[in-house]
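The values are calculated or read from the model by the stated rules, or taken from the named source; none is laboratory data. Only a predicted model underlies this, so the values are computations on that prediction, with no experimental measurement involved. Virtual Cβ from ideal backbone geometry, glycine too; neighbours counted across all protein chains shown. Accessible surface areas use protein heavy atoms only, side chains included; no ligands, DNA or RNA. Shrake-Rupley method; radii C 1.70, N 1.55, O 1.52, S 1.80 Å.
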Amino acid sequence: MSPPAEKLDDSGIVAASLEDPEAFGELFRRHAPRLHAYIKRRLGPSLADDVVAETFATAFRQRGRFDGRAEFAAWLWGIASNVIARHHRQETRMYRAFARTGVDPAEDGVAELAGDRVDAQACGPRLAKALASLSAQDRSAVLLLAWGELSYAEIAATLDLPLGTVKAKIHRARTKLRKALPEEKNDG
């Protein structure tokens with residue numbers, strides 16, 4: 001008898017799910033919340049559930065192709081990046097609308113801190129305009145770092161790019177984003 005899915009590492013769960021498809025649910029439990037938060041920031045709340053579901057459905061269908069050479073999370077985020085790319089036009093429209101209106105379409109109405117909200121509203125439209133102006137791959141790299149909280153190595157695996165290329169893309173994107181945002185003033 002094999003150990004329960006929650007006791008296995010991700011690769012073990014993928015392997016176990018080939019015999020017991022329900023074991024794959026543990027991977028959803030482990031990875032969906034972080035992936036959902038990231039996709040919600042990228043595409044807005046209206047698409048997040050669908051994109052997460054599409055990502056996991058694709059991963060489930062293709063789980064026999066997972067060879068364990070990369071971490072499962074990087075493989076999964078790679079699938080998510082491909083799904084997001086198909087929604088690229090929606091994402092670009094969302095950022096352009098934010099830049100025009102100053103209303104963040106990904107915001108669900110619950111502000112964590114009032115000060116953060118005021119700051120975000122002040123620079124949000126400029127940031128959104130700058131994000132919309134980045135190439136899709138540069139935007140993916142910088143948002144995987146900022147919102148997905150992935151490491152450079154994880155981003156490289158997710159986007160199937162060399163580590164140096166990822167570092168260059170993020171540097172380029174950060175430079176462009178800094179130019180779009182106001183300088184912070186130090187009062188003390």
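Would the range 99-119 turn up any residue that is at pLDDT 75 or above, open to solvent by less than 50 Å² (accessible area, probe 1.4 Å) and either in a helix (DSSP H, G or I) or in contact with a strand residue (DSSP E or B) (Cβ under 8 Å, 6 or more places away or on another chain) (or both)? Yes: one or more hits.
Residues being farther than 23 Å from Leu143 by Cα and surrounded by 16 or more Cβ atoms within 10 Å (Cβ to Cβ): count how many of those fall in the range 61-78. Matching residues across the range 61-78 total 2. The residue that is modelled with the highest pLDDT, among those in the range 120-150 that are open to solvent by 50 Å² or more (accessible area, probe 1.4 Å) and part of a loop (DSSP other than H, G, I, E, B), is Ser135. Of the residues Ser46, Ser11, Ser81, the single one that is open to solvent by 10 Å² or more (accessible area, probe 1.4 Å) and either free of Cβ contacts under 8 Å to residues at least 40 places away in the same chain or touching a strand residue (DSSP E or B) at 6+ places or on another chain (Cβ under 8 Å) (or both) is Ser46. The set of residues from the range 49-60 being aliphatic (A, V, I, L, M) and open to solvent by 20 Å² or more (accessible area, probe 1.4 Å) comprises Ala53, Ala57. Considering only residues that are at pLDDT 90 or above and in a loop (DSSP other than H, G, I, E, B), which ones fall in the range 162-188? Once the filter is applied, which keeps residues that are at pLDDT 90 or above and in a loop (DSSP other than H, G, I, E, B), the range 162-188 yields only Pro162.
Yes/no per residue for (1) under 30 Å from Thr92 (Cα atoms); (2) modelled with pLDDT of 95 or more; (3) outside any helix (DSSP H, G or I):
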residue	(1), (2), (3)
Ser2	no, no, yes
Gly12	no, no, no
Gly25	no, no, no
Arg34	yes, no, no
Ala37	yes, no, no
Lys40	yes, no, no
Ala48	yes, no, no
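The set of residues in the range 53-68 being assigned to a helix (DSSP H, G or I) and in contact (Cβ under 8 Å) with a residue 24 or more places away in the chain consists of Glu54, Thr55, Phe56, Thr58, Ala59, Phe60, Arg63, Gly64.
Could you please let me know if Phe72 is free of Cβ contacts under 8 Å to residues at least 40 places away in the same chain, within 19 Å of Asp9 (Cα to Cα) and in contact with a helix residue (DSSP H, G or I) (Cβ under 6 Å, 6 or more places away or on another chain)? Considered against the rule, which asks whether it is free of Cβ contacts under 8 Å to residues at least 40 places away in the same chain, within 19 Å of Asp9 (Cα to Cα) and in contact with a helix residue (DSSP H, G or I) (Cβ under 6 Å, 6 or more places away or on another chain), Phe72 comes out as no.
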